[in-house]
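Worksheet for the structure shown next.
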There are 6 protein chains.
Amino acid sequence: MRIHLVNPNTTRSMTDKIAAAARAVAAPGTQILAATSAMGPASIEGHYDDALALPGLLAAIAEAEAQGVDAHIIACFDDTGLDAARTLARAPVVGIGEAGYHMASLVAHRFSVVTTLSRSIPVIEANLLRSGLDRRCSGVRASEVAVLELEDPASDARSRISAEIGRAVREDRAEAIVLGCAGMADLARALGEEHGVPVIDGVASAVALAEGLVRIGLATSKAGAYAPPRPKAYAGRLSDFAPRG
Amino acid sequence: MRIHLVNPNTTRSMTDKIAAAARAVAAPGTQILAATSAMGPASIEGHYDDALALPGLLAAIAEAEAQGVDAHIIACFDDTGLDAARTLARAPVVGIGEAGYHMASLVAHRFSVVTTLSRSIPVIEANLLRSGLDRRCSGVRASEVAVLELEDPASDARSRISAEIGRAVREDRAEAIVLGCAGMADLARALGEEHGVPVIDGVASAVALAEGLVRIGLATSKAGAYAPPRPKAYAGRLSDFAPRG
Amino acid sequence: MRIHLVNPNTTRSMTDKIAAAARAVAAPGTQILAATSAMGPASIEGHYDDALALPGLLAAIAEAEAQGVDAHIIACFDDTGLDAARTLARAPVVGIGEAGYHMASLVAHRFSVVTTLSRSIPVIEANLLRSGLDRRCSGVRASEVAVLELEDPASDARSRISAEIGRAVREDRAEAIVLGCAGMADLARALGEEHGVPVIDGVASAVALAEGLVRIGLATSKAGAYAPPRPKAYAGRLSDFAPRG
Amino acid sequence: MRIHLVNPNTTRSMTDKIAAAARAVAAPGTQILAATSAMGPASIEGHYDDALALPGLLAAIAEAEAQGVDAHIIACFDDTGLDAARTLARAPVVGIGEAGYHMASLVAHRFSVVTTLSRSIPVIEANLLRSGLDRRCSGVRASEVAVLELEDPASDARSRISAEIGRAVREDRAEAIVLGCAGMADLARALGEEHGVPVIDGVASAVALAEGLVRIGLATSKAGAYAPPRPKAYAGRLSDFAPRG
Amino acid sequence: MRIHLVNPNTTRSMTDKIAAAARAVAAPGTQILAATSAMGPASIEGHYDDALALPGLLAAIAEAEAQGVDAHIIACFDDTGLDAARTLARAPVVGIGEAGYHMASLVAHRFSVVTTLSRSIPVIEANLLRSGLDRRCSGVRASEVAVLELEDPASDARSRISAEIGRAVREDRAEAIVLGCAGMADLARALGEEHGVPVIDGVASAVALAEGLVRIGLATSKAGAYAPPRPKAYAGRLSDFAPRG
Amino acid sequence: MRIHLVNPNTTRSMTDKIAAAARAVAAPGTQILAATSAMGPASIEGHYDDALALPGLLAAIAEAEAQGVDAHIIACFDDTGLDAARTLARAPVVGIGEAGYHMASLVAHRFSVVTTLSRSIPVIEANLLRSGLDRRCSGVRASEVAVLELEDPASDARSRISAEIGRAVREDRAEAIVLGCAGMADLARALGEEHGVPVIDGVASAVALAEGLVRIGLATSKAGAYAPPRPKAYAGRLSDFAPRG
């Protein structure tokens, strides 16, 4: 099975880290084809970065779809471009945010999300509402740890994330935690043991869901919301994105 | 990986059929340990059967858990006893109804459920509400095909189910269909091709989700709703069910 | 009028206490027929106890229905087996949890629930969602008083419950309180006077609702969710529960 | 027990009819004190009539409260002035619309409302939303029978109402019907037998709920939404309505 | 353009203050015709005042409508009589509460309301639910400043309101604030600068929305909820309110 | 006042038509600065076109913001890029879809949307959910008229749209209609007269709301969801979009 994992930001080192996390949980025989977007923001923080990440993401999806992959994973916790990507793909497309919410719903009655900066909260709340799983979510919390701090061994990032998880368990009565950033993947297991509740990484969740969808033969519906784009002219710098039908 | 699949009704032939469907999609290396409940109703149709299916179901869960399995699947579309089973299990527990809703949400914006008799609709609607995915559901419809008709090659069951799927696609604008009975598993692929939308079987969905949860190391949360039963005396005919702590 | 009040746990002393509370508010001419479940858990705390309480509860409902009662009350705040009991009964069936929510909605714009242990909160929240009255509920709070402490005159149970009520009034802006345990019935009036808001006991509420339903001639609907169980074989230890139609 | 039943429109013959329906179900020892509003519309159809019915209604509530009654019933299906009346009363106040929704929720999983003219539907929908029971309601339907037609033995009102109930049962899968007009009270029992589902009259429901609230000692909460009006001057024609504190 | 602004309480000095606020933002060419209700409460605090304010309000609406105005504004944050007023008017009718919620939704993802006394909170919450914008609201908070304190230069009203806004921004993550009282209009701009978020006055919002509706030619729908009152007799002191058709 | 109206598709003739509609309702002194996106799809139909329209749209917003405009209007009924545009703008940003929903909510209790092709329905439903006004919406309907047919005088587009409006009024009990395409602006008034309910054009609504927001001094909140993009590198073809801080 070939799973196309695309990092919608343009920082290759992040792609490498995420791909490693994906490969660590992939089933034998699953090949993770990791791609980094070729244009757009170096990291995705908020609606503007999200919007400008879309062309690069969609180019990657289209190319992988043409080459014939079995599934796509969008490796940003904001589920950047999920709906648009699905219009391009026959293969299933899974976002790592949504993947975390679904997996959490299967092992806990209520879950909280612990993310990086508080500016990410509105996007996550909007995604929960769209997914329908907001009713299962007991809160979205920010640890106020920036993504780059996660890379810095001298920072106290881990302890601040852990403290926020503790508050979610005590104050929200969260029964599980979804980590709200791909860069936290390596912390999930240890934090789960520390707090005695499932701590869930979206990258691993997305690999598991993508593999599962492929194995049982499910493809993205082409009726309604995810119908293929209609052929038409595109102008200017993006003219090569025009759907050809 | 060892997955315990328990049929909460006491009809062994149904277990065999469901186990075959599960094995057909299971990954190499996954062992499906199929069990039939030892006490209770021959089929589960409505709240009363559901209630009396619980002791047999929970006995099977407890026994499998003691023997050490990696996950449990409850093979009734009503998700009979899902919450209670989770209190007994460290391993993840997946219901086939809930599994279908989650998988449908990943390949379609809106899905409808097509089930057997209209008396099943209230239970399914209540489960959708509990799962949080009611907002993604465009309708729950009955084909008025009884479970046993599904076994009878001379019946027109398939054509009535297909007609109801057609109505769901046209009238609900359903983008995918979840089949609301384990006994319809063998029809999913052909009906999907006929109608041009994903037609989703809960058994296959549950196998995929259970495998995925195990592979990424997620266990049922023991904080809150699914904490282990407290030790106490149980009276009468069910005294051997008393939790020992 | 004959009202069948069934305690779904198997502790007769609790039944006696609850029956006394029921008789204290019953109208002249109302006979409270109190029954204790003959099999299952000594107390109901969480989903597992709840599931194993069902056969004993349903046996009691069936027996009383056969003898001809006018209404049934399920005397556990979790509303154990409410839906299944309704499939067996022509007479109305009222759960004490649901009764408290409905009565609170008639005397206050918003109410909070104050229950025993925090492990009870998820079940109560699920019941509020199912009843539709979650939007009227300003919070479900645990006093962390165990049921048995309520029986111990030396414990500080009453003061801890009172403190939690105070927090609900101040922090949730609760206008009324529903006491989340049958064992708190005797405290309702005094706590109400202390806090200056209605403090509502589910047992009394259920008696009032059951009497009212009977007096105006309402029976459980047999269309849809509460249709009688279909006749079929039941296997094993529970074979005598098989519906005969 | 003395229950004050106030008809918020100014048509005494309607009061007589509603009072008779109330007395027919009242418990022995319950006295129904029926009052007709002294000012305002002859019938209440829509928001404007509703608004102008309030002073007469509230005068009646204040007078009865001063004389010392045990409960109040507002006998209009629109639940005219329910919140304002509660600010004036220590005794519980029950509206016949809300009463019907609560009682229906106790005998059926889903209920539909069948009312008179379609112009009444928005008010009823708003009340269902406010009560929190909209999730239990499978539809609000108009029979297009005007209130006065209900009084005319030569009209086909009954058959049109019955036809609409039939559609609610078939198309909404309604398990019970709440009749959306006090003037339909005498039809409830026969229509229920005809359709095989509970058909619920709000007047009878309100009597039962009011009696129940009184018997268990519940009064309207004075914290929050229903706190007594603050003393202040009122100008002009309504100056005698000024709260005196 | 002629906009009829009606203060539904009977305190002319409040009308003057509100009219000044309205005129300060009105477009050139817009005439604000300010009216004070001729009967009813001197201020509106809670459901009872609200109910008794309706006849005076509706008389003012009817008179202005007869004289031919282009729009109506109801200048009470409780949106007193909004639905009833719309049945009388062809011209659009805007309430200042609802106006604030709509404008806040256009400049912020989530907004909180900061009002005067906590007894106002339930009415505001009910209005948010009715408007549909409760999902955009991150909280309704009381500063516990009474309306008259707003007029007293020696009071610390402003600092208490500011403190509550600070808590809304920090604790609710409110991105904008709607001031929950017409008497706070003059504080909006300075408080917005102090806290760095939009602080929104309902009076200004209503003027802007009313002007906009008029300019684009929208009138109140006469189908459904806001159909004109049906002609009928009104009794007693309010007989002159009878609709003539 | 200078309002920047940007057509996010790249078809200048559409911009001209929309700008004319905007100017027809703008207040004296309002200048409509119409812009056409310089890159991306010729028309926006579905999620893919929507995604690729974003860079061109955001470039136009940034340029106009730098030149100093008072408000922005995004002239696509899908509200393309509304959240991202708000992160770039101090000035308020209004989408024509959202504008129509808000205006409809002020003149009707319930409204339906009548759009072009059924493939647009999921996007509109998602936007209604996000805006919070889904509860006020009685249905989203497609006339199955393509955008270009609206330009063809020989087509029967108008009669098909009118027929769908008729169905919305009869079957949904819609009290007002929001036209779901900028290209229908010229039909609004005549269709409203034909059907006797407000028929609302989003372009006119957006002009009115933008003018109103400016006149009362409201700017886009910079706290939370719409905080300015953080400075960072952007790669590849879109590197000139990098925020500079």
(message) List the helices (runs of 4 or more DSSP H) inside segment E:1-98, counting only whole elements, that have at least 2 residues being within 17 Å of residue F:106 (Cα to Cα) and under 17 Å from the mean Cα position of the chain (by Cα).
(response) E:82-88
(message) Among the residues in segment F:223-242, are any under 24 Å from residue E:23 (Cα atoms) and either assigned to a loop (DSSP other than H, G, I, E, B) or touching a strand residue (DSSP E or B) at 6+ places or on another chain (Cβ under 8 Å) (or both)?
(response) no
(message) So residue E:145 passes all but one of these: (1) part of a helix (DSSP H, G or I); (2) without any contact (Cβ under 8 Å) to a residue 60 or more places away in the chain; (3) under 27 Å from residue D:86 (Cβ atoms). Which condition number does it fail?
(response) (1)
(message) I need the full set of residues from segment B:133-146 which are within 13 Å of chain C (Cβ to nearest Cβ) and crowded, with 22+ Cβ neighbours inside 10 Å, in order please.
(response) B:140
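Each row is one residue, and each column tells you yes or no for (1) of a type in the set (Gly, Ala, Ser); (2) crowded, with 21+ Cβ neighbours inside 10 Å.
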{"residue": "F:2", "(1), (2)": "no, no"}
{"residue": "F:9", "(1), (2)": "no, yes"}
{"residue": "F:22", "(1), (2)": "yes, yes"}
{"residue": "F:28", "(1), (2)": "no, no"}
{"residue": "F:35", "(1), (2)": "yes, yes"}
(message) If a residue must be at pLDDT 95 or above and touching a Cys at 6+ places or on another chain (Cβ under 7 Å), how many such residues does segment D:40-57 contain?
(response) 0
(request) From the list E:34, E:85, E:60, E:27, pick out the single residue that is touching a residue at least 40 places away in the same chain (Cβ under 8 Å), in contact with a strand residue (DSSP E or B) (Cβ under 9 Å, 6 or more places away or on another chain) and not assigned by TED's automatic domain parsing to the domain that holds residue E:167. (result) E:60
(message) Considering only residues that are more than 8 Å from chain F (Cβ to nearest Cβ) and surrounded by 24 or more Cβ atoms within 10 Å (Cβ to Cβ), which ones fall in segment E:101-122?
(response) E:101, E:104, E:111, E:112, E:113, E:114, E:115, E:116
(message) Please go through segment D:210-221 and give me each residue that is out of contact with any Lys or Arg (no Cβ under 6 Å at 6 or more places or on another chain), at the interface with chain C (Cβ under 7 Å from one of its Cβ atoms) and either touching a residue at least 12 places away in the same chain (Cβ under 8 Å) or of a type in the set (D, E, K, R) (or both), ordered by number.
(response) D:211, D:213, D:215, D:218
(message) Exactly one of these conditions fails for residue E:138: (1) free of Cβ contacts under 8 Å to residues at least 60 places away in the same chain; (2) more than 18 Å from residue C:135 (Cα to Cα); (3) more than 18 Å from the chain's Cα centre (by Cα). Give me its number.
(response) (2)
(request) Could you run through segment B:149-185 and say how many residues are more than 13 Å from every other protein chain (Cβ to nearest Cβ) and either buried (at least 23 other Cβ atoms within 10 Å of the Cβ) or in a helix (DSSP H, G or I) (or both)? (result) 17
(message) Please go through segment E:188-209 and give me each residue that is of a type in the set (A, V, I, L, M) and facing another protein chain (nearest Cβ under 7 Å), ordered by number.
(response) E:197, E:200, E:204, E:208, E:209
(message) Kindly evaluate residue C:212 against the criterion of being in contact with a His (Cβ under 8 Å, 6 or more places away or on another chain) and not basic (Lys, Arg).
(response) no
(message) Return the residues of segment D:65-97 that are within 14 Å of chain E (Cβ to nearest Cβ) and acidic (Asp, Glu); say none if nothing qualifies.
(response) D:65, D:78, D:79, D:83
(request) Name the one entry in A:37, A:13, A:43 that is farther than 17 Å from residue A:72 by Cβ, small (Gly, Ala, Ser) and touching a Leu at 6+ places or on another chain (Cβ under 9 Å). (result) A:43
(message) Among the residues of segment F:190-201, are any within 30 Å of residue F:85 (Cα to Cα), modelled with pLDDT of 95 or more and part of a helix (DSSP H, G or I)?
(response) no
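The values are calculated or read from the model by the stated rules, or taken from the named source; none is laboratory data. Remember, it's a predicted structure, so these values are computed and weren't measured experimentally. Positions of Cβ are backbone-derived with ideal geometry, glycine not excepted, and every protein chain shown enters the neighbour counts.
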